[in-house]
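Peer 1: Quick one: the structure is below, questions incoming.
Bear in mind these aren't lab numbers, they're just calculated from the coordinates by the rules spelled out. Being a predicted model, the structure only gives us computed values, none of them experimental. Cβ placement follows ideal geometry from the backbone for every residue including glycine, while neighbour counts extend to all protein chains displayed.
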Amino acid sequence: MASPPDFLAITPFTTGITVDCLIDNASVISLPPENNLILHQVIYDWVPSGSQYSDIVFCSNSGSSGGTDAVIYSEGEEFTPFTFDNFLFNGFIDPFAFYSIFRSIGSYDPDSGIGSVSVTPIIAPGLAPSFLLSGLSMAVAHDSSLLQVDSVVPAGLFADLFGGTGPEVMLVELLPNGWTVDITVDSSGIVTIPFNGSQPAVTAHYSTIPSAINPGSCIASWLRFDNTLGGSNELDFDTMCCASALESNELAVLIPVSPLFSRGDVNQDSALNLADAVTQLGALFSGGPALSCQDSGDANDDGNFNIADTIFLLGFLFNSGPPPAEPFIECGTDPSVDTLGCSSFDCP
């Protein structure tokens, strides 16, 4: 910007800072929504007697005590952004190794709320580590109202051990709000894993809690290395017991993805005719097989599958009635958000 914002209040504390900024009182000037928009630069002085590492965390201390929230204002509306925490370390001290989670992208069906995401934490080097790993432990927490962990399996060199059977000992505990794993590569100490660069350790597979999802919204859950789950986050070496890894957390993001289908093609034979109406009636009243894609049976697109859809389809076929709503004839996604699902559809 050519000139400073109309209002800028920066308040330093012993444990952090708050910033309140209003760009233009008249709401004429605004910042463009672009990637990597740098808003502020913060310069810290290291306290020699303090810790060698410091978390840098976005926090909110609003509520009865007042304070400042992490929010963005745009066109008169207030938005709560996803925030990404990190940490600083003294560059003269070797942090040795990190546990890192990259942002992981999954998807879910907006009709059913059913979705999944897979996450592969990695071991990342500090300044100049090179050593042999004999094992490790990890503990990662998630939002139990949004996700559940289904499995945790070895990855990378850990999965390749002993001809692909994995490490000799791998103890996994799946919890409502996270998971822990303890790995021993080889109890005899003969087989180890060489470590001289970033590499994956395990892969965790998650599925959604459908009742927690607001259909059509992009949703996210923080995945955090958490020693309070009953496990630790540390590495075991061939020449020493263990050392804690510094932790870098990230988000699992799930985007709504609708399956492809063609409305009205209820029997999925790539044609729209009387047989589709017969299939509708069979599923509704005659004990016929349930539809694997109820969205295709929702001919009138009212968010329900019932006799009104058969009447609508017959009207289109034989009485010059309106055609089914899109996607129609060709496969596409459902533009309407409803409670009907589409677990499978055979698109040509």
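Peer 1: Specify the inter-centroid distance of segment 98-115 and segment 194-264, based on alpha-carbon positions, in whole Å.
Peer 2: Value for the Cα centre distance between the two parts: 9 Å.
Peer 1: Can you list which of the chymotrypsin sites (Phe, Trp or Tyr not before Pro) found in segment 137-185 are DSSP loop residues with at most 11 other C-beta atoms within 10 Å?
Peer 2: Nothing satisfies the criteria.
Peer 1: Return the FRET efficiency for the residue pair Asn177, Leu31: r is the Cβ-Cβ distance, R0 is 41 Å, and the value is rounded to the nearest 0.05.
Peer 2: Here the calculated transfer efficiency is 0.65.
Peer 1: A follow-up question, please. Which whole-number percent is the relative contact order of the chain (Cα, under 8 Å, 6+ apart)?
Peer 2: 16
Peer 1: Can you tell me the relative contact order of segment 268-348? Whole percent, Cα pairs under 8 Å, sequence separation 6 or more.
Peer 2: After rounding, I find 34 percent.
Peer 1: Continuing with the same structure: Assign one of three labels to segment 203-314, namely rounded, prolate or oblate, based on the Cα gyration tensor with a ≥ b ≥ c the square roots of its eigenvalues; rounded applies when a/c is under 1.5, prolate when it is not and a/b is larger than b/c, and oblate otherwise.
Peer 2: Prolate, since a/c reaches 1.5 and a/b exceeds b/c.
Peer 1: Could you please tell me the mean projected area of the C-alpha convex hull for segment 94-257, averaged over all directions and given in square nanometres to one decimal?
Peer 2: The directionally averaged projection comes out at 9.5 nm².
Peer 1: If you stretched the chain out fully between Asp45 and Thr339, how much longer would it get, using 0.36 nm times the residue separation minus the C-alpha to C-alpha distance?
Peer 2: 100.4 nm
Peer 1: Considering Cα pairs under 8 angstrom that are at least six residues apart, work out the relative contact order of segment 94-257 and quote it in whole percent.
Peer 2: Relative contact order of segment 94-257: 38 percent.
Peer 1: Separation between the Ile209 and Asn196 pseudo-spin-labels, each 7 Å from Cα along Cα→Cβ, expressed in nm?
Peer 2: For Ile209 paired with Asn196, the spin-label model returns 4.6 nm.
Peer 1: For a quick check: sort Ile43, Ile114, Ile123 by the number of other beta carbons within 10 angstrom, fewest at the front.
Peer 2: Least crowded to most crowded, the residues run Ile43, Ile114, Ile123.
Peer 1: Right, here's the next one. Calculate the FRET efficiency for Leu260 and Ser145 from the Cβ-Cβ distance with a Förster distance of 25 Å, rounded to the nearest 0.05.
Peer 2: The value I calculate is 0.25.
Peer 1: Residue by residue, what Karplus-based ³J(HN,Hα) values in Hz, rounded to whole numbers, does segment 177-190 have, using 6.51, -1.76 and 1.60 with θ = phi - 60° and x for Gly and Pro?
Peer 2: 3J(HN,Hα) across segment 177-190, in whole Hz: 10, x, 8, 10, 9, 10, 10, 10, 4, 7, 4, 7, x, 6.
Peer 1: With the Cα gyration tensor of segment 259-348 giving a ≥ b ≥ c as the square roots of its eigenvalues, does the rule (a/c under 1.5 for rounded; else a/b larger than b/c for prolate; else oblate) give rounded, prolate or oblate?
Peer 2: rounded
Peer 1: Per residue of segment 136-141, what does 6.51 cos²θ - 1.76 cosθ + 1.60 with θ = phi - 60° give for ³J(HN,Hα)? Whole Hz please, x for Gly and Pro, Karplus curve as stated.
Peer 2: 6, 9, 9, 9, 10, 9
Peer 1: On a full-extension model of 0.36 nm per residue, what is the gain between Asn304 and Phe58, subtracting their alpha-carbon distance, rounded to one decimal in nm?
Peer 2: Computed gain between Asn304 and Phe58 is 84.2 nm.
Peer 1: Step through the residues of segment 226-243 one at a time and calculate ³J(HN,Hα) from phi using the Karplus curve (6.51 cos²θ - 1.76 cosθ + 1.60, θ = phi - 60°), rounding each to whole Hz and writing x for Gly and Pro.
Peer 2: Working through the residues one at a time gives 9, 6, 8, 7, x, x, 10, 10, 8, 10, 10, 10, 6, 10, 8, 5, 6, 8 Hz.
Peer 1: Work out the FRET efficiency for Asn227 and Ser292 from their Cβ-Cβ distance, taking R0 = 41 Å, and round it to the nearest 0.05.
Peer 2: Efficiency computed from Cβ-Cβ geometry: 0.40.
Peer 1: For Val19 and Ser3 in the same chain, what is the full-extension length gain: residue separation times 0.36 nm, less their Cα-Cα distance, in nm?
Peer 2: 4.0 nm
Peer 1: Hey, any idea what Rg/Rh is for the chain, computing Rh the Kirkwood way over Cα pairs?
Peer 2: 1.09
Peer 1: Shape verdict for segment 206-270, please, from the Cα gyration tensor: rounded (a/c under 1.5), prolate (a/b greater than b/c) or oblate.
Peer 2: Taking the square roots of the gyration eigenvalues as a ≥ b ≥ c, segment 206-270 is prolate.
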